[in-house]
Amino acid sequence: ETCGICVSDGGKDLDPGAESGKERGLSEFSFDYWFPGDGFGCELTTLVGRERKTGCSMATAVPTKGSTRKFVVDKVLEFMEEVGDGATSIVIMKTDQEPAIKCLIEDIVAAREEGRTVTEESPVQSSGSNGVVERAVQTIEGRTRAILLALEGRIGAEISPTEPPVAQFIPEFAAYVNDRLEVGKDGMTASERIKGKRGVIPGLEFGEKLLWKILKGKKMAKMKQRWAYGIFLGVSRKSGEIWTAA
């Protein structure tokens, strides 16, 4: 029999999604918003997502919470395809009933093939049932902070989190690096669980100076410059192309 006083003192919410040791066969995606500018008195919004079985994560800067139409939906669909869940795969989308997340999930469901997306709602304010994405947010926050501190250390100056390269590119690069470097209890990274082999990342730090090849135009004189210096901002998850700023 459960003691009411003990429950009042240290009881925790039940996780309605917990199952007795039974692995679910479908991919399960969860999303939440993170506000990396909170501690600096500014408003920045980042969408963080994680797939439970593979541990694969995504992070992308968004204009606002909630439905942001094609850009964010395309980012989520790209993430799902990377995990191996295209338009015809049946997946589970978990939501904590926050209106902004529910609005986003509705847009994703509408963008996928009908009947291929199962939605599950967690009890309101139940942290236990939304722990997967909460841990993802904590991980991305830590990696983002480390990347920013490393950049500040190299240039010898503080950088405002509102600077476009910081707000827009560091969280996405943090998720990219985490999926390819963080080793789980099974001895594998998220990328390795998806593709069956360890992911390779470029040996570059965020903000590092590098040479990039200038794309050929219709006419390019033979003596014209073929390469130029740029700043490394990350890697496209879809194509593997390196992002640079001139």
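Looking at this structure, is K219 open to solvent by 50 Å² or more (accessible area, probe 1.4 Å) and modelled with pLDDT under 90? Answer is yes for this residue. For A175, the requirement of being within 19 Å of P63 (Cβ to Cβ), open to solvent by less than 50 Å² (accessible area, probe 1.4 Å) and either in contact with a Lys or Arg (Cβ under 8 Å, 6 or more places away or on another chain) or in contact (Cβ under 8 Å) with a residue 40 or more places away in the chain (or both) is met. Annotation note: Cβ proximity below 8 Å between a residue of region 79-95 that is on the phi > 0 side of the Ramachandran plot and open to solvent by 20 Å² or more (accessible area, probe 1.4 Å) and a residue that is assigned to a helix (DSSP H, G or I) and not aromatic (F, W, Y) (sequence gap 6+ or interchain) occurs for G84/I194. Scanning region 54-66 for residues that are over 19 Å from L233 (Cβ atoms), without any contact (Cβ under 8 Å) to a residue 60 or more places away in the chain and surrounded by 15 or more Cβ atoms within 10 Å (Cβ to Cβ) yields K65, G66. If you filter region 56-76 down to residues that are small (G, A, S) and part of a strand (DSSP E or B), you find that the one that is nearest to K195 (Cα to Cα) is S57. Checked against the criterion of being of a type outside the set (D, E, K, R) and over 30 Å from K195 (Cβ atoms), the candidates T139, T119, T162, T144 yield just one match: T162.
Scanning region 159-172 for residues that are touching a helix residue (DSSP H, G or I) at 6+ places or on another chain (Cβ under 8 Å), under 20 Å from K209 (Cβ atoms) and open to solvent by 20 Å² or more (accessible area, probe 1.4 Å) gives a single hit, I159. Just one of the numbered conditions (1) surrounded by fewer than 18 Cβ atoms within 10 Å (Cβ to Cβ); (2) outside any helix (DSSP H, G or I); (3) out of contact with any Leu (no Cβ under 6 Å at 6 or more places or on another chain); (4) among the hydrophobic types (A, V, I, L, M, F, W, C) is not true of A150: (2).
The values are calculated or read from the model by the stated rules, or taken from the named source; none is laboratory data. Computed from a predicted structure; not experimentally measured. Virtual Cβ from ideal backbone geometry, glycine too; neighbours counted across all protein chains shown. Surface accessibility is based on the protein's heavy atoms, side chains included, excluding ligands, DNA and RNA. Shrake-Rupley method; radii C 1.70, N 1.55, O 1.52, S 1.80 Å.
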